[in-house]
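Everything on this sheet refers to the single structure shown next.
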Amino acid sequence: MKNKYLLSVSLVFCCMFVFVSCKKEPHKGKYTGSFQGVYHTSANNTTTFTSYYSFQIEKSSNKEIVIEEMEHHTMSTLKKQNDSIIGIIGFGNVYSATGEKGLTMNLIKMRGRSYSQGEKSYIEGTFEGDVYLETGKSYLSTGTFLLSEQ
């Protein structure tokens, strides 16, 4: 009888551990995204920037994440495998570090991972994409990002 009880309790704990371990998808809901990047307009001229965006994760499964950038309502689908995430996010305007308008990044390629700490989900990683200036010129921009559940 004692062995059956211990086996039952052990089985329950194993099932709970598997359930918690497999739940690696970011939660659906609102996120704040911080993007820090750099682009070079010449060998001697480097510009760094930080931009903040609001996102909504509409769908989150073990294979994909559907995310909406809230200011311009662009929807993107990111591929997911375990905690790794890869894809392209669509954006509207990105502003310079001094707040000047005119800097636009339409699409960025991103690679990262998702994780949870406590009750909140996060997605972090690296990005690259073209930055378009008011002059009509574009430059490759690279950097890091962090999406934090609100």
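The values are calculated or read from the model by the stated rules, or taken from the named source; none is laboratory data. Please read all numbers here as calculations on a predicted model, not as lab measurements. Quick reminder, even Gly has a Cβ in these numbers, built from the backbone with ideal geometry, and neighbours come from all protein chains shown. Note: accessible area is taken over every heavy atom of the protein model, side chains too, but ligands, DNA and RNA are not part of it. Shrake-Rupley method; radii C 1.70, N 1.55, O 1.52, S 1.80 Å.
Which residues, taken from segment 31-77, are touching a His at 6+ places or on another chain (Cβ under 9 Å) and of a type in the set (A, V, I, L, M, F, W, C)? Passing the criteria: only ILE57.
Picking from residues in segment 121-138 that are of a type in the set (A, V, I, L, M, F, W, C) and surrounded by 19 or more Cβ atoms within 10 Å (Cβ to Cβ), the one that is modelled with the lowest pLDDT is VAL131.
Those strands (runs of 3 or more DSSP E) of segment 21-69 in which 1 or more residues are open to solvent by less than 40 Å² (accessible area, probe 1.4 Å) and over 26 Å from GLN81 (Cα atoms) occupy 29-42, 45-60. Inspection of segment 139-148 finds a residue satisfying the criterion of being out of contact with any His (no Cβ under 9 Å at 6 or more places or on another chain), over 14 Å from TYR53 (Cα atoms) and modelled with pLDDT of 95 or more. Restricted to segment 87-120, and to residues there that are part of a loop (DSSP other than H, G, I, E, B), surrounded by fewer than 14 Cβ atoms within 10 Å (Cβ to Cβ) and of a type outside the set (Lys, Arg), the residue that is modelled with the lowest pLDDT is ALA97. When segment 70-86 is limited to residues that are under 19 Å from THR126 (Cα atoms) and among the charged types (D, E, K, R), the one that is most open to solvent (accessible area, probe 1.4 Å) turns out to be LYS79.
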